[in-house]
Amino acid sequence: MFQTIRNAWALPDLRKKLLYTLMIIVIFRIGSAITVPFLDAKLLSNAMSSNGNNLFGYIDILTGGAFSKATIFAMSVSPYINASIIIQLLAVAIPALGRLEREGETGRKVIAQITRYVTVGLGLLQGFFYYIFLRNQGIVLSDYRNGAVGVWAAFVIIAAFSAGAALIMWLGEQINEKGIGNGISIILFAGIVSRGPAIFLSIQKYWSLAVGGSTQYFYLVPAVLVLFLVVIAAIVLMNEAERRIPVQYAKRVVGRKMYGGQNTFIPIKVTMSGVMPIIFASSIVAIPGTISSFFVTSTSKGWWVTVLQWFNATGWIYALVYFLLIIAFNYFYVNIQYNPYEMANNLKKNNGGIPGIRPGKPTSDYIKHILYRITLIGALFLAVIAVLPIFLSLGAGMSFALGGTTVLIVVGVALDTMRSLESQMMMRHYKGFLE
């Protein structure tokens, strides 16, 4: 990886792209430190640290702590990600959107424009609910809660959050056009990595406990660090793993030329859905904790309070539901992204086929069977990685700033960015750079 970056840095045009991407990251981190007016940021930080096991705590991790500081980038990329997911789901349900996706570059531009509008709308909606949360928690300064002044403060706070979400979307698009890698992924990566110092603080805390008499941490801390490295290696391996379905194209004569006759394959990645199932599952399983933070107090009683407490982010019921939801959403997402019938029809139209499998329905059934088996392996892997920190917390009593989801995102974005750099260098025909 470092060799690839050094080789890319030696090329003037790629160096400009890297510097531009770095400049966007710096702007993002500066915006993540600018607090929205009329709010008590210190009080919010204390509230989040004592009660962060909900949807808000999850968003805070993805934003690199900007959410708990109530900065202008508190929403970060979450409105854009949610908008993209909504548009993908609607493309399956609405034929017009589905046709736009198949119209090439023109259709993708229209889809991108619709996604922008949906992002702005979701930013306004999330900004409004975030303001309600801040007001209920007493984070809004007392002089700006009621009357005309309170209305003006609410307008400024919601507008600041929404504008920050729109600016994040624009910064990501600028990276896509003038930088390296996927812009939104790079910004998400920068937000998560910014929490890196918190990991070292956690290690220091447990090491201090070991020196102070809790000798079990002399063994647990190195063991957790080794496990962390093993998880990273496993993520890299599974990201690169794929199942190749062999395809053979029949020879055909067109005029005086012969076409086809070559052997190729259809690559199916083991973790084809990426972290999307984890994002879906995290959002849903965190809802009970979010409801609890709004309505449950120390004096609350009733069966519903008990049910909400079952979904504590450090409990085994939470981990079990989280595990099952990740597997379910994995299959759901793969069914949306891959259509075995369409794949079989495309092979048939191009005089292609899978050796030993008849064209038509047998081919689609064969592809579907492989998809489901590969999806199960990828789903189990993602689920284990996601719930591993929870069981680590339950078994060893240790927790760190980065969970399984964030490690998946960081490693995945790093690999994709390196592939983008390598492809950029290969396009310039610089031989020997990748050797």
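The values are calculated or read from the model by the stated rules, or taken from the named source; none is laboratory data. Given the structure is predicted, the values throughout are model-derived calculations rather than measurements. Every residue, glycine as well, gets a Cβ built from its backbone with ideal geometry; the counts of neighbours run over all protein chains shown.
The single condition among (1) β-branched (Val, Ile, Thr); (2) touching a residue at least 60 places away in the same chain (Cβ under 8 Å); (3) buried (at least 20 other Cβ atoms within 10 Å of the Cβ); (4) closer than 30 Å to Val275 by Cα that Ile232 does not satisfy is (3).
Taken over segment 195-207, the criterion of being touching a Phe, Trp or Tyr at 6+ places or on another chain (Cβ under 9 Å) and either among the hydroxyl-bearing types (Ser, Thr, Tyr) or at pLDDT 75 or above (or both) is satisfied by Ser202, Tyr206, Trp207.
To keep it simple, each residue is scored yes or no on (1) over 30 Å from Met425 (Cβ atoms); (2) assigned to a loop (DSSP other than H, G, I, E, B).
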{"position": "Val26", "(1), (2)": "no, no"}
{"position": "Met48", "(1), (2)": "yes, no"}
{"position": "Ala74", "(1), (2)": "yes, yes"}
{"position": "Ile87", "(1), (2)": "yes, no"}
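Count of segment 327-351 residues, restricted to those that are surrounded by fewer than 16 Cβ atoms within 10 Å (Cβ to Cβ), touching a strand residue (DSSP E or B) at 6+ places or on another chain (Cβ under 9 Å) and touching a residue at least 60 places away in the same chain (Cβ under 8 Å), is 2.
Among residues of segment 22-49 that are free of Cβ contacts under 8 Å to residues at least 40 places away in the same chain, those with a beta-carbon under 7 Å from a residue that is in a helix (DSSP H, G or I) and surrounded by 18 or more Cβ atoms within 10 Å (Cβ to Cβ) at least six positions away or on a different chain give the pairs Met48/Phe56; Met48/Gly57; Met48/Asp60.
Part of a helix (DSSP H, G or I), modelled with pLDDT of 80 or more, more than 30 Å from Ser202 (Cβ to Cβ) and of a type in the set (S, T, N, Q): does that describe Thr363? Show your work before the answer.
On the way: part of a helix (DSSP H, G or I): yes; modelled with pLDDT of 80 or more: yes; more than 30 Å from Ser202 (Cβ to Cβ): yes; of a type in the set (S, T, N, Q): yes.
Answer is yes for this residue.
Beta carbons closer than 9 Å, at least 6 apart along the sequence or on distinct chains, pair a first residue in segment 406-420 that is buried (at least 19 other Cβ atoms within 10 Å of the Cβ) with a second that is among the basic types (Lys, Arg) for Thr406/Arg195.
Entry remark, segment 2-24: residues being small (Gly, Ala, Ser) and outside any helix (DSSP H, G or I) number 1 in total.
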